[in-house]
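Laboratory data are not the source of any read-out in this text; all were calculated from the coordinates shown. Please read these numbers as outputs of a predicted model, since none were measured by experiment. Note: ideal-geometry Cβ built from the backbone for every residue, glycine included; neighbour counts use all protein chains shown.
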Amino acid sequence: MFSISTGHYKVKVIPYLRDLWLSFVAARRITKEEFVNTNMAFYSRSEEEFKAPFLYENSKVLEAGLEFVSIEIKETYFDSNLKSETDESSVTDDEQLSVARKARRYVNVFRAWAEAVFMSGLNGCRSEKEKMAL
């Protein structure tokens with residue numbers, strides 16, 4: 001599952017978004033129905049599931065001539081404080097720009113699908129401006 005790390009703790013993005021929207025219900029910013037409508041199905045495959053097509057003799061993957069070479073699954077972490085790993089006094093403007101670019105790219109990975117899910121799940125009586133404010 002996609003994660004964020006601030007160096008102090010890790011945040012699983014999907015449960016974080018769920019909890020954030022649940023807090024909107026508690027604060028009466030959205031209805032329970034909108035919360036249900038803005039939930040999404042998410043499934044993260046295990047290493048075994050990725051390997052499975054290569055493990056069976058009659059597999060169409062093997063019949064196609066493909067073979068399993070290696071696998072590496074990594075959690076994706078990002079320092080949400082946007083600090084470089086080096087001493088801040090030695091960080092150049094270019095390094096800070098690089099960190100900011102990485103942050104935008106990381107956020108855009110989630111924004112691409114999350115915004116569509118959330119916007120479509122909110123009540124149609126809400127204005128676009130109100131939806132965007134949430």
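Side notes on the structure shown:
- By the beta-carbon count within 10 Å of each Cβ, the least crowded to most crowded order of Y16, Y56, Y106, Y43, fewest first, is Y43, Y56, Y16, Y106.
- Here r is the Cβ-Cβ distance between D19 and I71 and R0 is 35 Å; the resulting FRET efficiency, rounded to 0.05, is 0.70.
- Projected label distance in nm at K129 and A52, using a 7 Å step from Cα toward the beta-carbon: 5.0
- Stretching the chain fully between K12 and V109 yields a gain of 33.5 nm (0.36 nm per residue, less the alpha carbon separation).
- Residues whose placed amide H lies under 5 Å from that of K12, excluding near-sequence neighbours: I4
- When each of R29, R105 is scored by the number of other beta-carbon atoms lying within 10 Å, the sequence from fewest to most is R105, R29.
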